[in-house]
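Coordinate-derived values only; no laboratory data. Owing to the predicted nature of the structure, the values given are computational and were not obtained by experimental measurement. Ideal geometry is used to build each Cβ from the backbone, glycine not excepted, and the neighbour counts take in all protein chains shown.
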Amino acid sequence: MRYISTRGGMPPKTFSEILLSGLSPDGGLAIPEVYPRVTAVELHAWRDLSYQALAFEILSRFIDDIPAQDLRKIINKTYTAEIFGSADITPLKTLEPGLHVLGLSNGPTLAFKDIAMQLLGNLFEYQLTKTGGELNILGATSGDTGSSAEYAMRGKHGIRVFMLSPLGKMSRFQTAQMFSLQDKNIFNIAIRGVFDDCQDIVKAVSNDHAFKESRHIGTVNSINWARIVAQVVYYFKGYFAATKTNDEQVSFAVPSGNFGNICAGHVARMMGLPIKRLILATNENDVLDEFFRTGVYRPRTTFETQHTSSPSMDISKASNFERFIFDLTGRNAQQVKELWSAVDQGKPFDLLQTPLFAKIQDFGFVSGSSNHAARIETIRDIHQRYRVLVDTHTADGLKVGQAHRETGVPLICLETALPVKFAESIQEAIGREPERPADFENLEDLPQRFVVKDADVEAVKAYIDEFGRAQ
Ligand SMILES: *Cc1c(COP(=O)(O)O)cnc(C)c1O
């Protein structure tokens, strides 16, 4: 399996060669030269596999330059009942016949990002051990991504994490989750500023190529291909759990932000998994819903990006979306390059008057958006009807998913976080706070480990210089 760039400017590379890199040198995203197709015989054989065995079957199709026995070890070490709360890893909850919630949020930080990030941590460690390399991961977070990365990389050999967050701007729970980590390779840097200041610092450091090279700076952002491919696995797992035979089709509803999660669903469908619809749900930040309804992709400015009660979907442009457009154009890298030359300047593109707009249907995509009132109502309604409590992001998925539900087609809504992370909205919906998992009982009282810095690139660089090498 070789990987190429969505903009056509990268010679084919192996999985290990793209594992540690972010963007391709030409500004595009890495994507498989062809999607592996799953035969009917294979699909039949996979139905009863454990999560780990299924993950190996799928991942080994994309990762063929890590010896099979090593890959199996990495997978078995990643997906354990201990880390993910059950042997199922992603248990399916049935609300009523034909309506399900796929539990993706039972990892260490109680959000679905753990599923990919935990694998990434082990893949990075494996790779760095093999090459004797080191990696300083630099990131900016307003919540979920940062903690998910830290819990995946804690204690990992050859890896340090420098995570910037806006001082005093995350929820107490999220802050405590990150800052209570005492691992020597985790560095929490609280910035006197807002999230965009953090993001700007990361960009400035990454654009200093000499510094980036010499200090082995890397990222774990959502365009990383390994994260996408790890997420393909649970689409298969969810499909098998919700159906009896492989003649059946299902639809998935996916709370979306950067298009990473639903991109994995798209890949699963391209591999031959019988998915009828991929139902994309946004919150008030509806840049993706707008595209799938109107053909216009209009990235927003940070100024236009709203702060909502499903904050992990508050995005102004969707970094993984380029991968889908690459496939939509029939893998026409030249066309992608032209479209993104507009996007990279903050300009929209419009496919409505082109043959591509009609083709969206062939890929199974439909969409809708949600808002605060709908989200609160959905949490209340699901709780009342099924005695199941969902978080604000999952509620957006359920809201839009139910609007597109078809009789005879099982609908699987992806649960992307647990309600405990968004206690305020739960209180608003059902009049009481969600229960806390036992491990998180006294989270906010634990000692915290972090430094405070001004929103100053040089100050952050100096800090990395001091701590970003083997002590
Ligand atoms: C990251 C995140 C999303 C959005 O996922 P994408 O892969 O960026 O589309 C949705 N819900 C939660 C809770 C998240 O953390």
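Things to note:
- For R2, the residues whose modelled amide H falls within less than 5 Å of its own, excluding neighbours fewer than 5 places apart on the same chain, are E33, V34.
- Mean silhouette area of the chain, derived from the convex hull of its C-alpha atoms and averaged over all directions, reads 20.8 nm².
- Residue order, fewest to most beta carbons within 10 Å, for C413, C198: C198, C413
- Coarse-grained scattering of segment 1-55 at q = 0.18, 0.23 Å⁻¹, given as base-10 log I(q)/I(0) from a Debye sum over alpha-carbon atoms: -0.69, -0.82
- Residues whose amide H comes within less than 5 Å of that of G28, counting only those at least five positions distant or on another chain, are R7 (H built at 1.01 Å from N in the peptide plane).
- Kirkwood estimate for segment 296-373, i.e. one over the average of 1/r between Cα atoms, Å: 14.1
- Proximity of backbone amide H atoms, modeled 1.01 Å from N, is registered between K276 and V250, S251 at under 5 Å, excluding neighbours fewer than 5 places apart on the same chain.
- Highest-first arrangement of 358-365, 233-240, where packing means the average Cβ count within 10 Å: 233-240, 358-365
- Across segment 154-266, the mean sequence separation of Cα contacts (distance under 8 Å, 6 or more residues apart), normalised by length, yields a relative contact order of 22 percent.
- Estimated vicinal HN-Hα couplings, Hz - segment 327-341 in sequence order (Karplus 6.51, -1.76, 1.60; Gly, Pro = x): 5, 4, 7, x, 6, 9, 4, 4, 5, 4, 4, 5, 4, 7, 5
- Neighbour-count order for K276, K113, fewest beta carbons within 10 angstrom listed first: K276, K113
- Exposure proxy for L43, L59: other Cβ atoms within 10 Å of each Cβ, ordered fewest to most, give L43, L59.
- Integer Hz, Karplus 6.51/-1.76/1.60 couplings in order for segment 87-104, x for Gly and Pro: 5, 5, 6, 10, x, 9, 9, 9, 7, 7, x, x, 10, 10, 10, 8, x, 10
- Applying the Karplus relation 6.51 cos²θ - 1.76 cosθ + 1.60 with θ = phi - 60° to segment 280-292 yields 3J(HN,Hα) values of 8, 10, 10, 9, 4, 7, 9, 3, 7, 4, 4, 4, 5 Hz, where x marks Gly and Pro.
- Packing around the peptides 100-107, 372-379, 403-410, taken as the average count of other Cβ atoms within 10 Å per residue, puts them in this order, highest first: 100-107, 372-379, 403-410.
- Shown here for segment 20-72: trypsin sites (Lys or Arg not before Pro) in loop regions (DSSP other than H, G, I, E, B) with at most 16 other Cβ atoms within 10 Å, namely R37, R47.
- All aspartates and glutamates inside 18 Å of K359 as judged from Cα atoms, apart from same-chain residues fewer than 8 positions distant: D289, E290, E322, D327, D350
- Per-residue extension of 0.36 nm, minus the Cα-Cα distance of Q69 and D454, leaves a gain of 133.9 nm for this segment.
- When the pairs K113/K203; K113/K347; K113/K337; K73/K276; K73/K244 are compared against a 24 Å limit on Cα-Cα distance, K113/K347; K113/K337; K73/K276; K73/K244 fall above it.
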